[in-house]
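Worksheet: one structure, shown below.
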Amino acid sequence: MNAKKLFWILFFLNLLNYIDRQVLYSVFPLLQQDLALSDLQLGSLASSFMLVYMGFAPLAGYWADRFPRPKLISAGAFLWSAATLLCAAAKNYGGLLFSRSLIGAGEAGFTTIAQPFLAEYYPAKKRATALALFGLALPAGSALGYFFGGLIGQHWGWRAAFMLAGAPGMVLGVLAWTQLTDSARQRLSPAKRPRLADYLALLFNKAFLWICLAHAMITFVQGGLSAWMPTYFHRYFDFTVAQAGTVFGAIVVICGAAGTFLGGKLADRLLTKTPKAYFITIFSGILLMLPCAVAALYAPNGTLGVLFISLAVLCIFLPMGPVAAALVALSKPSVRSMAFAFNIFIIHALGDALSPVLIGRASDAWGLKTALLLACATLLPGLLFTALSANEQRAKH
């Protein structure tokens with residue numbers, strides 16, 4: 001199959017994946033007012049999605065190593081889009097919690113498969129850049145979710161925001177079903193398909209596990225900021241709901257996209273000089289993000305707050321392409337879908353499945369500023385895990 005055609009179909013699916021995921025956060029204040037929810041309940045809407053998402057990922061990885069991946073990708077798009085539409089029909093917290101959780105099952109079926117599927121069509125020297133470009137859908141989709149969610153929510157209500165977010169995925173689901181082919185999988189004979197022992201070997205791959213843990217710390221902070229920064233702008237800088245969604249959405253799409261692209265390019269360039277290129281880029285992004293985040297949360301006004309959080313977002317997105325490329329490099333082709341599934345499980349179990357609800361709980365107790373500062377501190381062990389993964393990879397070579 002043509003790599004460009006594959007890339008663009010998967011890219012736009014990934015874009016909608018993040019729009020549908022993030023639109024919730026821009027309408028937090030509206031949901032809180034309409035359904036009388038606490039910060040803890042708001043956080044749990046984000047965490048419930050992640051719990052289902054990470055739990056479903058290993059099943060999706062198992063199926064992807066055995067069945068046609070384009071059909072699984074299409075089915076995932078149909079499921080998460082339908083669940084987003086169900087959110088619009090929710091009458092209470094329980095209904096919203098169920099619908100939001102169901103989105104996680106559909107998106108796990110896509111995300112687990114898409115990156116290793118795409119990586120097979122690019123050589124190693126271009127892989128970090130290709131995966132970083134694919135990863136641009138994260139900041140772009142997140143930004144569109146914040147922007148349209150806040151704008152539509154303020155003018156037409158939060159139900160309209162979910163309706164408009166969910167509908168396009170149905171169209172792209174049909175496109176994936178009819179246009180994608182899996183030529184790489186067609187060449188894989190049943191005898192070469194992975195066994196249980198091949199999957200278990202991933203659990204003894206120290207370099208792989210350390211980088212998954214480092215990715216989990218990054219994801220903890222990304223998930224926390226994604227869920228709560230629009231609300232932080234609303235509470236501390238007196239932005240309206242629409243302003244908060246628009247400003248943070250612009251930050252994510254501009255700075256997140258720049259960081260993702262730069263991280264992939266930097267890693268591929270460094271790879272010609274050192275095999276530790278992916279790890280150097282990941283470590284640098286984590287290290288640079290910390291002072292920027294602290295400065296943003298202690299900023300005396302909205303202008304400085306926006307400036308420093310922009311720098312923090314740029315830095316925290318630098319590792320996106322290199323992390324995906326490292327996972328490809330540290331896993332065998334026959335178990336690559338499951339490797340990404342394991343990674344998804346780990347990063348969400350220890351990352352953004354916990355951070356929104358923990359930040360919400362800490363915010364109820366000590367205030368949102370303190371809660372976000374504590375969340376950013378989880379990047380410190382992320383530095384250690386990255387160094388350990390690099391050391392383990394060097395020992396193998």
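None of the figures in this text is laboratory data; all of them are computed from the coordinates on show. Here the structure is a predicted model, which is why all the values come from computation and not from measurement. FYI the Cβ positions are ideal-geometry reconstructions off the backbone, even for glycines, and counts take in every protein chain you see.
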With the charge dipole of the chain built from beta-carbon charges (+1 for Lys and Arg, -1 for Asp and Glu) about the Cα centre, the Cα from Ile9, Leu368, Val306 projecting farthest to the positive end belongs to Ile9
Using a 10 Å cut-off on Cβ atoms, rank the peptides 18-24, 114-120 from the highest mean neighbour count down. 18-24, 114-120
Gln179 to Ala36: extension gain in nm, 0.36 nm per residue of separation minus the Cα-Cα distance? 47.0 nm
How much length is gained on full extension from Ala295 to Trp156, taking 0.36 nm per residue of separation minus their Cα-Cα distance? 46.5 nm
Charges only on Cβ, +1 for Lys and Arg, -1 for Asp and Glu: so what's the dipole of the chain about the Cα centre, in debye to the nearest 20? 1440 debye
Amide H contacts under 5 Å for Glu120, placed H, 5+ residues apart: none
Given +1 on the Cβ of Lys and Arg, -1 on the Cβ of Asp and Glu, and no further charges, what dipole in debye does region 82-211 carry about its Cα centre, rounded to the nearest 20? 340 debye
The simple spin-label model distance between Asp198 and Glu120, using points 7 Å out along Cα→Cβ, in nm, is 1.1 nm
Ranked highest first by the average count of other Cβ atoms within 10 Å around their residues, in what order do 149-155, 330-336, 126-132 fall? 126-132, 149-155, 330-336
Could you work out how far apart the two model spin labels at Thr303 and Phe7 are, taking each label as a point 7 Å from the Cα in the direction of the beta carbon, and quote it in nm? 4.0 nm
Expected sort for 252-261, 64-73, 100-109 on mean C-beta neighbours within 10 Å, highest first, is 100-109, 252-261, 64-73
Report the one residue of Leu271, Leu297, Ile218 whose Cα lies farthest in the direction of the positive end of the charge dipole of the chain (charges on C-beta: Lys and Arg +1, Asp and Glu -1; origin at the Cα centre). Leu271
Here are a few candidate values for Rg and Dmax of the Cα atoms in Å: (1) 20.8, 63; (2) 19.8, 63; (3) 21.1, 75. Which one was actually calculated from the structure I just gave you? (2)
May I ask you to evaluate 6.51 cos²θ - 1.76 cosθ + 1.60, the Karplus curve with θ = phi - 60°, for each residue of region 277-292 and list the ³J(HN,Hα) values in order in whole Hz, giving x for glycine and proline? 4, 4, 6, 4, 5, 4, 4, 5, x, 4, 4, 6, 5, 4, x, 5
Could you check the spin-label model distance between Arg66 and Arg361? Points 7 Å from the Cα along Cα→Cβ, value in nm. 3.7 nm
Enumerate the lysines that Lys5 could reach by cross-link, defined here as Cα to Cα under 18 Å, with residues fewer than 8 away along the same chain left out. Lys71, Lys126
Using alpha carbons only, how many angstrom separate the centre of region 98-113 from the centre of region 36-60? 10 Å
